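Note sheet for the following structure.
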Amino acid sequence: MKKSGLLVCLLLSLFFAVSCGSAEEADRSRVYNIYVMNKDETKLSANEYEVKGGSQEEVIDELLEQLTTTPERMEYKAPLSGSFELLGYSLDGGQLVLNFDERYRTLPPTTEVLARAATVRTMTQVKGVDYVSFQIRSNPLLDMSGNVIGSMSADMFIDNTESEMNSRERVKIRLYFANAEGDRLIETNRTLEYSRYSTNISMERLVVEQLIGGPSEQVKDKVYPTMNPETKVIGVTLKDGTCYVNLSEHFLTQIYNVSSDVAIYSLVNTLVELPNVGRVQIAVNGDSNVMFRENTSLSATYERNLDLVTTVQQGGN
């Protein structure tokens with residue numbers, strides 16, 4: 001009888017130990033890192049926070065509130081606690097869009113980059129939030145050179161020093177757009193102020209986003225866009241001379257009167273202009289086994305095609 005009682009006690013102890021372990025594990029799944037700035041606004045730190053809500057919307061609301069709440073420790077600052085206001089947000093296809101008022105633009109450059117990095121790192125921990133983009137009164141946020149800052153993921157941001165973040169250089173990129181008939185490509189040059197620390201994107205991704213954004217004001221009466229402006233850049237990586245470009249499904253919906261070759265090679269020729277890029281592989285939502293306009297397979301690896309290129313007299317960049 002004593003042995004039976006001892007066995008029961010052991011089983012109960014084991015049950016409670018497993019139960020407590022499961023509860024602890026479940027609690028950890030509700031813990032998120034809230035990224036905050038130091039008082040000097042030169043780097044980020046993470047504070048753990050346990051969410052109370054259960055739904056995705058409740059978690060997003062809680063985390064955004066934490067990003068605006070002054071941390072308990074005086075040496076930290078909340079990244080979204082400035083004079084600007086978050087007007088609202090929307091979530092579509094894994095992209096969280098945050099809409100701020102115009103006072104967001106008054107943030108000093110270093111502070112703005114840190115605020116953006118802290119927000120993206122915090123919010124992309126939420127299941128179903130893969131990217132974050134910023135808007136000002138429903139218009140895309142622009143960098144110091146007037147270029148659109150597109151969708152951002154956590155791995156686009158790196159830990160860096162203030163001096164590195166303020167380091168910028170002027171770079172010239174070559175973009176290929178369509179002619180008026182949509183059957184040939186025309187090369188254009190564009191000069192940008194670029195810093196991988198303040199934009200937090202690779203040069204390869206930058207030129208893809210510039211191409212999607214279309215021709216600049218200086219040349220828009222001479223050359224024409226080739227890619228659906230709704231196209232989102234999911235990822236751009238470079239390995240062994242091949243640039244892998246992963247785009248959203250909007251890429252397949254062509255709204256401009258350009259041939260399939262012009263649409264494809266505007267992207268390919270633009271990327272191959274960059275150092276170390278010799279070939280381009282295009283995927284849509286991670287899948288390259290798809291057809292573009294039902295006549296061009298994206299499973300192929302594309303190289304530069306200069307036969308499509310023509311010239312035009314240009315003014316500006």
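What the table below lists for this structure:
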item: Odd one out for ARG205, checked against (1) touching a Pro at 6+ places or on another chain (Cβ under 6 Å); (2) within 14 Å of GLN281 (Cα to Cα); result: (1)
item: Qualifying residue in segment 270-280 (condition: assigned to a helix (DSSP H, G or I), within 29 Å of GLN218 (Cα to Cα) and among the hydrophobic types (A, V, I, L, M, F, W, C)); result: yes
item: Out of SER133, SER138, sole residue that is more than 12 Å from the chain's Cα centre (by Cα) and of a type in the set (Gly, Ala, Ser); result: SER138
item: SER90 vs. criteria modelled with pLDDT of 95 or more and surrounded by fewer than 16 Cβ atoms within 10 Å (Cβ to Cβ); result: yes
item: Residue check, GLN135 at pLDDT 90 or above and assigned to a loop (DSSP other than H, G, I, E, B); result: no
item: Segment 94-115: number of residues that are crowded, with 16+ Cβ neighbours inside 10 Å, touching a residue at least 60 places away in the same chain (Cβ under 8 Å) and assigned to a helix (DSSP H, G or I); result: 5
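The values are calculated or read from the model by the stated rules, or taken from the named source; none is laboratory data. Please read these numbers as outputs of a predicted model, since none were measured by experiment. When we count neighbours, we look across all protein chains shown, and the Cβ atoms used for this are built from the backbone with ideal geometry, even at glycine.
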